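Taking it in order: structure first as C-alpha cells, then the write-up.
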Amino acid sequence: MRSFRLTEQEMNDLADKYPTPFLVASLDKIEENYDFLQRNLSRVHVFYAMKSNPAEPVVQKMASLGACFDVASAGEMECLHEMGIDGSRMIYANPVKTQQGLQLAARYGVNRFTFDDVSEIDKMAAAVPGADVLVRIRVVNEKALVNLNAKFGVEPGEALSLLQQAEKAGLHAKGICFHVGSQSLAAEAYEEALLVCRRLFDEAEALGMPLTMLDIGGGFPIPSAEGLSVDVAGMMQAIGRQLDRLFPETEIWAEPGRFLCGTAVNLVTSVIGTKQRAGQTWYVLDEGLYGTFSGVIFDHWTFELESFKHGKKRSATFVGPSCDSIDFVRRDVMMPELQLGDRLLVPNCGAYTSASATTFNGFAMAPFLIWEEEKPAQQHVYKVASAVS
Ligand SMILES: *Cc1c(COP(=O)(O)O)cnc(C)c1O
C-alpha cells in the first residue's frame, strides 16, 4: 500500500505559492486507507481515534465515510459536536474520565465508555446511568513502537469482577477492549489478545453475564524512514480469521488512528541555515520538534526526509528552528549536499505530528492544505504530456 507522496514538481508548485513549512493532506488517500481496512478486516466497525489527527477536514472525511469516533476528553467531544457529529457516534475511550468530560458525554448522548479500575464505576454510573461499558485489559506486545500497556488496562484475571461491579452499579457490562500498542508490527499480539478475550467471554457467559462487544483498539502500522517490514493486508486478514474463528457472533469495533491518516499527509519544509560541526554539515529547517516533528519525541517516530537532489551523499544532521537544543529532527542521515532554500518532502506525516505541535518560541504551526483542492485542474494533462516527451 503506497503512501500519498507529492512529486518534486507538485511540491515546488505548491511551495512557490505558499511559504514553507506547510502540510498537504490527501482526503482521497484517507478514503483509500479506510476502504483498505474495511476490505481486509470487513467485520470491524471503525471508531477513528481522533487524537492522531483532529484537523477538521480529516474528521469530516472520516464522518462522511461512515466512521464513528474514539474520544478521550471534553475537548474532543466538543470539537466533534461543533462539526455536527452526534454523541451516538462516539465512544469515550479514556479509561479515566474527567467530570467535565462525563458531563459533556451526558449532554451529547455519549453512552459508551471504557474503564480499567473500580474507581471509575461510580463516576460513570452517576453521570450516565445505564451506559454501555467495556473493560480494558492489559495485553503484552513487544513489537509495538509505542507501548500503551504500561499505563492502561487491568490484568485479565480482574476484568470480569470489574464488569460485575459495573452491572451492580446499574451500568451495562457489554464487553472487553484492548490496545496492542501503537505501530504494532505483529498480528500475533492481536491473535493472542483475542484468545485471552475468548476465555473471558466464556467465563462471563458461565457467570450469567453474556458479553456482546469486543473492541480490538488501534495499532495498525504505516511506513517510517525504515519502510515497513510487515504486510498490513496479511496482518489484518490474520486478525480477521482469528475473529471469525473465536468471535463469529460478536460485534467487533476497532479504534484505528495512525493507519487511517498517517500516510495521507506530507510536510514541505526548507533549509534556512547550515552549520559545520565536527566535520559534519547540519541543516537548520524551518520546522522542528516543537512543530510537526513533535512525533520524534511523543511518538518515537523516525521521519523520512526526501530532498529530490542527486549527487554524492554524506552524513548530515537536521535540526529545527527553535532556540532549544533538544530540537534535533534527525542525526546522521545520508543526504546529498543541500543549499539554503532547498526544500524537503516529509511523507507519512499525518498522525501524531500536527496533533501535538506547539507554537513554542513564536514559530507558527504549519498550515494544512488539502491536496484535492490545491492540485492544478490540468494536472492530468501535463502528466500525460511529460510521459510522451
Ligand atoms: C491512541 C489510541 C488509539 C489509536 O491508536 P493507533 O495506534 O493510532 O491506531 C486507539 N484507541 C485508544 C484507546 C488509544 O488511546
Residues (within 22 Å of PRO221 (Cα to Cα), within 15 Å of the ligand (Cβ to nearest atom) and among the hydrophobic types (A, V, I, L, M, F, W, C)) located in the stretch 61-79: MET62, ALA67, CYS68, PHE69, VAL71, ALA72
Count of the stretch 281-313 residues which are within 20 Å of ARG258 (Cα to Cα) and polar (S, T, N, Q): 3
Among (1) touching a Phe, Trp or Tyr at 6+ places or on another chain (Cβ under 8 Å); (2) crowded, with 23+ Cβ neighbours inside 10 Å, the one test that ALA131 misses: (2)
Leading residue by the ranking (surrounded by the fewest Cβ atoms within 10 Å (Cβ to Cβ)) among those in the stretch 115-128 that are assigned to a loop (DSSP other than H, G, I, E, B) and out of contact with any Lys or Arg (no Cβ under 8 Å at 6 or more places or on another chain): ASP117
Scan of the stretch 241-254 for residues that are touching a residue at least 12 places away in the same chain (Cβ under 8 Å), under 19 Å from ALA186 (Cα atoms) and surrounded by fewer than 18 Cβ atoms within 10 Å (Cβ to Cβ), ordered by number: ASP244, LEU246
Boolean, VAL58 is buried (at least 18 other Cβ atoms within 10 Å of the Cβ) and over 29 Å from VAL268 (Cβ atoms): no
Residue match in the stretch 176-184 (condition: assigned to a strand (DSSP E or B), touching a residue at least 60 places away in the same chain (Cβ under 8 Å) and touching a helix residue (DSSP H, G or I) at 6+ places or on another chain (Cβ under 8 Å)): yes
Check on LEU195, over 27 Å from the mean Cα position of the chain (by Cα), assigned to a helix (DSSP H, G or I), without any contact (Cβ under 8 Å) to a residue 60 or more places away in the chain and more than 16 Å from the ligand (Cβ to nearest atom): no
Checking ARG2 against (1) basic (Lys, Arg); (2) within 16 Å of the chain's Cα centre (by Cα); (3) at pLDDT below 95, the condition it does not meet: (2)
Options GLY279, GLY311, GLY291, GLY257; residue that is more than 16 Å from the ligand (Cβ to nearest atom) and crowded, with 24+ Cβ neighbours inside 10 Å: GLY291
Criterion: more than 16 Å from the ligand (Cβ to nearest atom), within 21 Å of the chain's Cα centre (by Cα) and touching a residue at least 12 places away in the same chain (Cβ under 8 Å) - qualifying residue of ALA366, ALA355, ALA351: ALA366
Test set (1) in contact (Cβ under 8 Å) with a residue 60 or more places away in the chain; (2) on the phi > 0 side of the Ramachandran plot; (3) more than 16 Å from the ligand (Cβ to nearest atom) - THR269 fails condition number: (2)
Residues (away from the ligand (no atom under 16 Å from the Cβ) and crowded, with 17+ Cβ neighbours inside 10 Å) located in the stretch 134-158: PRO156
Tally, over the stretch 171-188, of residues that are within 14 Å of the ligand (Cβ to nearest atom) and buried (at least 23 other Cβ atoms within 10 Å of the Cβ): 9
Residue count for the stretch 30-60, restricted to those that are of a type outside the set (S, T, N, Q), assigned to a helix (DSSP H, G or I) and within 16 Å of the ligand (Cβ to nearest atom): 8
Residue in the stretch 238-249 that is hydrophobic (A, V, I, L, M, F, W, C), closer than 21 Å to GLU142 by Cβ, under 16 Å from the mean Cα position of the chain (by Cα) and within 16 Å of the ligand (Cβ to nearest atom) present: no
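The values are calculated or read from the model by the stated rules, or taken from the named source; none is laboratory data. Not measured: the values here are computed from a predicted model. Ideal geometry is used to build each Cβ from the backbone, glycine not excepted, and the neighbour counts take in all protein chains shown.
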